[in-house]
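Below: the structure, in structure tokens.
The values are calculated or read from the model by the stated rules, or taken from the named source; none is laboratory data. The structure displayed is predicted, hence computed values, not measured ones. In this analysis, Cβ positions are derived from the backbone assuming ideal geometry, glycine residues included, and neighbour counts consider all displayed protein chains.
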Amino acid sequence: MNAIKKTSYGVAGIVLSSMANLSAFAQSETTFWVNKASTTAQNLENRPLSEAVQYYVNFLMTFLYLVAVLYALWGGFLILTAWGEDDKVTKGKTILIQWWIWLLVIWLAGTIVKWILSVLVS
């Protein structure tokens, strides 16, 4: 019964973290505040510096969100495959807590950079 209980907690953790992962991935696909869909690395040389910085920061944020998704999946996988081993469950929970903190830091960093760029461009 204890293994079933821990497995159900693991499945619930995977489902909840994957829902949050989809939200984070959807946020990473949006641009900062200007719709610059035509901005690519090839045509940045004719653009202002602020647009080049926006492009590279957006690329970096997308990469960090992708790494965060993989990290959360790893934590959920550890919980799901623990099968009653308390050490693995604790490690998986620790990874998921670290993932939430990391996601908050990534979001705050993006918001702060967005604010600084908007102040500098204005």
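Some points to look at:
- When region 72-115 is filtered for residues that are out of contact with any Ser or Thr (no Cβ under 9 Å at 6 or more places or on another chain) and of a type in the set (Lys, Arg), the ones remaining, listed by number, are Lys91, Lys93, Lys114.
- Residues satisfying the stated conditions in region 55-80, i.e. among the hydroxyl-bearing types (Ser, Thr, Tyr) and surrounded by 13 or more Cβ atoms within 10 Å (Cβ to Cβ): Tyr55, Thr62, Tyr65, Tyr71
- Selected residue (only one of Val53, Val89 is within 22 Å of Trp115 (Cα to Cα) and at pLDDT 65 or above): Val53
- Residues that are without any contact (Cβ under 8 Å) to a residue 40 or more places away in the chain and loosely packed, with under 13 Cβ neighbours inside 10 Å, drawn from region 82-104: Asp86, Asp87, Thr94, Ile97, Ile101, Leu104
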